[in-house]
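Quick one: the structure is below, and I'll ask about it shortly.
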Amino acid sequence: EIVRDLVYSVTWLEVAEIELPVEKKSLVQYSTRPFRMQKLTFKEALFTDQTISRTIVSLKKITSLKELQAINCVLEGKGRWNTKEIARSGQSFVETITIIKAVIQNFHLFFELSGMESQINKLKRLTITGSNVFMVPCNLARNFSSLLYLDFHENLLANNRLHETICERSWPSLQTLNLSQNSLKSLELTAVCISRLPKLINLDISQNTFREIPEECTWPKHLKYLNLSSTHIPKVTDCIPQSLEVLDVSENNLKEFGLQLLSLKELYLKGNQLKTLPGAAPIPNLVSLSIRRNKLNSFSKEEFESFRRMELLDASDNNFICSCEFLSFVHHEAGLAQVLVGWPDRYVCDSPLAVRGAQVGAVRLSLMECHRSLVVSLICVLVFLLILLLVAVGHKYHVVWYLRMTWAWLQAKRKPKRAPPKDVCYDAFVSYSENDSEWVENAMVRELEQACPPFRLCLHKRDFVPGKWIVDNIIDSIEKSRKTLFVLSEHFVQSEWCKYELDFSHFRLFDENNDAAILILLEPIQSKAIPKRFCKLRKIMNTKTYLEWPAGEQQQQVFWENLKGALKS
């Protein structure tokens with residue numbers, strides 16, 4: 001009575017938890033027309049062979065009914081339906097039947113339902129899932145002449161009975177077939193059976209344990225969609241049909257994909273072991289690619305742009321190495337964000353360690369991190385140039401000379417300012433240029449060392465200790481001499497490195513502010529011509545009297561007398 005009241009007012013009626021009686025009366029005898037009910041759902045209902053036969057007959061009266069659905073229902077019986085009464089009741093108007101998790105106590109004893117052929121030839125969609133279906137009789141299958149969609153997922157279909165379920169001339173109009181999550185073991189035998197479906201376009205055989213894939217297979221000529229996900233195939237071969245436009249081989253631990261599929265538009269490779277994007281040349285018409293949860297750590301601008309028709313790329317949930325090249329490409333590639341599925345939340349850096357866990361789009365590496373070798377090379381070049389500059393400046397301004405003079409002065413500072421009288425061995429230490437050695441050795445030494453009494457002179461050529469550092473020789477000689485004679489000339493003040501060594505003694509000598517220094521001007525020389533590094537020498541020449549070597553012999557005798565007097569003072 002409830003059905004009679006509702007059949008003209010609702011489009012979808014759900015009947016739950018009832019035990020259907022054997023109804024003799026018509027469901028629509030007193031119902032108002034036209035009927036509006038299009039879908040009827042039974043949930044957790046109990047059927048028997050008798051009640052289901054009567055229900056089928058009764059429902060035929062609802063001419064508007066297009067879809068029947070049974071969820072978690074129980075059928076007590078073996079299929080002994082009153083097929084004659086069902087056949088006499090006329091043609092069914094139902095186009096879609098969905099049976100989910102039906103419980104048939106003795107399903108292995110269930111009859112073939114012969115006699116129901118006339119009731120199924122108008123059916124277009126049939127779904128039976130989770131109901132332990134292990135076969136469909138060939139004769140029954142051949143009468144599904146109008147069926148376009150068949151879903152048998154999560155059942156017990158196996159290869160040894162599949163040839164009967166899909167026999168010759170069975171399911172003649174079928175376009176979509178779902179055999180996922182069954183007990184199929186051989187992909188080759190499965191393909192042979194399915195090749196008997198000439199109009200098949202979409203095929204789902206995922207979640208079957210094939211483990212192996214042959215090099216070649218036979219498939220329906222017009223197959224466009226194939227789902228082989230979670231089938232444990234170790235690789236892809238030419239068994240995959242060339243006619244495909246959509247291929248799903250997710251969750252198979254594939255390490256590479258190099259198959260040529262010129263018509264392919266969508267490719268799903270989620271949950272495999274691929275380290276790079278597949279090559280674009282074998283799949284030139286690809287529009288959508290999913291490579292989620294693989295071992296992909298980056299992809300380049302060239303790889304991305306090689307897919308000329310790419311509109312969607314799902315590369316999320318991979319462990320990306322956020323290198324400078326990869327980040328530069330990601331940040332500067334126009335339109336990449338519109339192509340990447342899940343961007344930016346599901347694109348995360350795995351390395352370097354400093355940015356692990358950060359979103360790829362938010363990471364910015366420093367110049368040093370991105371161009372380490374270039375920066376190091378640049379630093380080395382700059383350091384080299386700086387060293388060259390310092391060497392040039394040091395050479396120009398005699399920095400080395402100043403440093404070594406400072407070191408010599410510091411050494412001299414540590415020693416006593418005056419050597420004990422018993423250690424004084426010379427009357428004078430002579431500091432002169434090598435270019436003036438002839439005058440010193442032939443004139444001055446002869447005149448002073450042959451005088452009465454003779455003077456003892458210290459000359460570096462004659463009296464320095466061999467093997468001893470020249471600075472130590474100079475300082476020791478000055479300390480062991482009462483006076484120091486400086487033979488000044490243009491050669492003296494313009495001399496190079498070896499003359500610098502002789503003049504390290506100036507620091508100690510001039511630091512004491514005594515009269516131990518005797519200046520001999522061998523030739524006229526202006527104080528301005530003396531290099532700046534001889535700053536104290538310039539000062540002394542401006543403040544102290546010096547002896548000037550005359551040109552005439554008579555004046556030279558006076559010069560020697562004055563010099564001897566200065567040495568005796």
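The values are calculated or read from the model by the stated rules, or taken from the named source; none is laboratory data. Nothing here was measured: the structure is a model prediction, and the numbers come from that model. Ideal geometry is used to build each Cβ from the backbone, glycine not excepted, and the neighbour counts take in all protein chains shown. SASA here: full protein model, heavy atoms, side chains in, ligands and nucleic acids out. Shrake-Rupley method; radii C 1.70, N 1.55, O 1.52, S 1.80 Å.
For the stretch 434-444, how many residues meet the condition of being more than 16 Å from residue 519 (Cα to Cα) and either in contact with a Lys or Arg (Cβ under 7 Å, 6 or more places away or on another chain) or of a type in the set (A, V, I, L, M) (or both)?
1
Which of the residues that make up the stretch 7-58 are among the small types (Gly, Ala, Ser), assigned to a loop (DSSP other than H, G, I, E, B) and modelled with pLDDT of 90 or more?
Keep residues of the stretch 7-58 that are among the small types (Gly, Ala, Ser), which gives 9, 16, 26, 31, 45, 53, 58.
Still in the running and assigned to a loop (DSSP other than H, G, I, E, B): 9, 26, 31, 45.
Residue satisfying the conditions is 45 alone.
Sort out which residues of the stretch 437-455 are open to solvent by less than 70 Å² (accessible area, probe 1.4 Å) and not in a helix (DSSP H, G or I), and write them in order of number.
451, 455
So, one more: Of the residues 269, 247, which single one is under 30 Å from the mean Cα position of the chain (by Cα), modelled with pLDDT of 95 or more, within 30 Å of residue 172 (Cα to Cα) and crowded, with 21+ Cβ neighbours inside 10 Å?
Selected residue: 247, the only one of 269, 247 that is under 30 Å from the mean Cα position of the chain (by Cα), modelled with pLDDT of 95 or more, within 30 Å of residue 172 (Cα to Cα) and crowded, with 21+ Cβ neighbours inside 10 Å.
Out of 499, 415, I need the residue that is under 22 Å from residue 524 (Cα atoms) and modelled with pLDDT under 85. Which one?
Only one candidate qualifies: 499.
Another one. Would you call residue 263 touching an Asp or Glu at 6+ places or on another chain (Cβ under 6 Å), open to solvent by less than 50 Å² (accessible area, probe 1.4 Å) and either touching a residue at least 12 places away in the same chain (Cβ under 8 Å) or not basic (Lys, Arg) (or both)?
no
Quick check on this structure: which one of 237, 218 is farther than 23 Å from residue 156 by Cβ, of a type outside the set (Lys, Arg) and open to solvent by 20 Å² or more (accessible area, probe 1.4 Å)? Spell out the reasoning first.
On the way: 237 fails: open to solvent by 20 Å² or more (accessible area, probe 1.4 Å).
Of the residues listed, the single one that is farther than 23 Å from residue 156 by Cβ, of a type outside the set (Lys, Arg) and open to solvent by 20 Å² or more (accessible area, probe 1.4 Å) is 218.
Let me ask something additional. State the number of residues belonging to the stretch 360-404 that are touching a residue at least 24 places away in the same chain (Cβ under 8 Å) and not hydrophobic (A, V, I, L, M, F, W, C).
Result for the stretch 360-404: 7.
Given (1) open to solvent by 20 Å² or more (accessible area, probe 1.4 Å); (2) at pLDDT 80 or above; (3) in the same structural domain as residue 448 (by the TED database), where does residue 521 come up short, assuming only one miss?
Exception for residue 521: condition (1).
May I ask you to list the residues in the stretch 115-151 that are over 50 Å from the mean Cα position of the chain (by Cα), of a type in the set (A, V, I, L, M, F, W, C) and assigned to a loop (DSSP other than H, G, I, E, B)?
Once the filter is applied, which keeps residues that are over 50 Å from the mean Cα position of the chain (by Cα), of a type in the set (A, V, I, L, M, F, W, C) and assigned to a loop (DSSP other than H, G, I, E, B), the stretch 115-151 yields 116, 123, 135, 136, 144, 147.
Anything in the stretch 84-114 that is open to solvent by 30 Å² or more (accessible area, probe 1.4 Å), part of a helix (DSSP H, G or I) and closer than 26 Å to residue 61 by Cβ? List them, or say none.
84, 85, 87, 88
Return the only residue of 296, 289, 313 being over 25 Å from residue 184 (Cα atoms), open to solvent by less than 50 Å² (accessible area, probe 1.4 Å) and assigned to a loop (DSSP other than H, G, I, E, B).
Details: 289 fails: assigned to a loop (DSSP other than H, G, I, E, B); 313 fails: assigned to a loop (DSSP other than H, G, I, E, B).
Of 296, 289, 313, the one residue that is over 25 Å from residue 184 (Cα atoms), open to solvent by less than 50 Å² (accessible area, probe 1.4 Å) and assigned to a loop (DSSP other than H, G, I, E, B) is 296.
Kindly establish whether residue 168 is surrounded by fewer than 20 Cβ atoms within 10 Å (Cβ to Cβ), without any contact (Cβ under 8 Å) to a residue 40 or more places away in the chain, within 54 Å of the chain's Cα centre (by Cα) and over 24 Å from residue 211 (Cα atoms).
Numbers: surrounded by fewer than 20 Cβ atoms within 10 Å (Cβ to Cβ): yes; without any contact (Cβ under 8 Å) to a residue 40 or more places away in the chain: yes; within 54 Å of the chain's Cα centre (by Cα): yes; over 24 Å from residue 211 (Cα atoms): yes.
Taking the combined requirement at face value, the residue satisfies it.
Looking at (1) open to solvent by less than 60 Å² (accessible area, probe 1.4 Å); (2) part of a loop (DSSP other than H, G, I, E, B), can you tell me which one residue 154 breaks?
In the conditions (1) open to solvent by less than 60 Å² (accessible area, probe 1.4 Å); (2) part of a loop (DSSP other than H, G, I, E, B), residue 154 misses (1) alone.
Let me ask something else. Out of the residues in the stretch 175-211 that are in a loop (DSSP other than H, G, I, E, B) and in contact with a Pro (Cβ under 7 Å, 6 or more places away or on another chain), which is surrounded by the most Cβ atoms within 10 Å (Cβ to Cβ)?
200
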